[in-house]
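Taking it in order: structure first as C-alpha cells, then the write-up.
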Amino acid sequence: MCKVLHVSRSGYYWLAQRPTERARDNEAITQLTSSLFTASKGRYRSPKTTQDIHAQGVKISRPRVARLMKQAN
C-alpha cells in the first residue's frame, strides 16, 4: 500500500490515524459553543459560554472555550 500511495511506512500510518478523543471532544464543544453563541445573538463571550456549558454538566476551562471559539471565528 505504501508503494501505491508513494509514502513511507510512517507516513502511511500517519495518514491512517483516527481522530483522537481530545479532537472529537473539541469538535463537539465547538458545535455546542457555536449553538450557544447563535442563541445569544452573538452577545456571549467565553466566560458566559463556559458557564452555560458547565450548567449542562460538562467540565471545561474558560481558556479552552476561548481557544475553540477563536478557532471557529
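The values are calculated or read from the model by the stated rules, or taken from the named source; none is laboratory data. Remember, it's a predicted structure, so these values are computed and weren't measured experimentally. Positions of Cβ are backbone-derived with ideal geometry, glycine not excepted, and every protein chain shown enters the neighbour counts.
Using the structure shown, decide if residue 59 is part of a loop (DSSP other than H, G, I, E, B) and modelled with pLDDT of 90 or more.
yes
Could you give every pair whose Cβ atoms fall below 7 Å, whose first residue belongs to the range 19-31 and is assigned to a helix (DSSP H, G or I), and whose second residue is β-branched (Val, Ile, Thr) and modelled with pLDDT of 90 or more, counting only separations of at least 6 or pairs across chains?
That search, which allows pairs on different chains as well, returns 29/60.
Does residue 38 satisfy the criteria of being closer than 16 Å to residue 71 by Cβ, out of contact with any His (no Cβ under 9 Å at 6 or more places or on another chain) and β-branched (Val, Ile, Thr)?
Spelling it out, it is not the case that residue 38 is closer than 16 Å to residue 71 by Cβ, out of contact with any His (no Cβ under 9 Å at 6 or more places or on another chain) and β-branched (Val, Ile, Thr).
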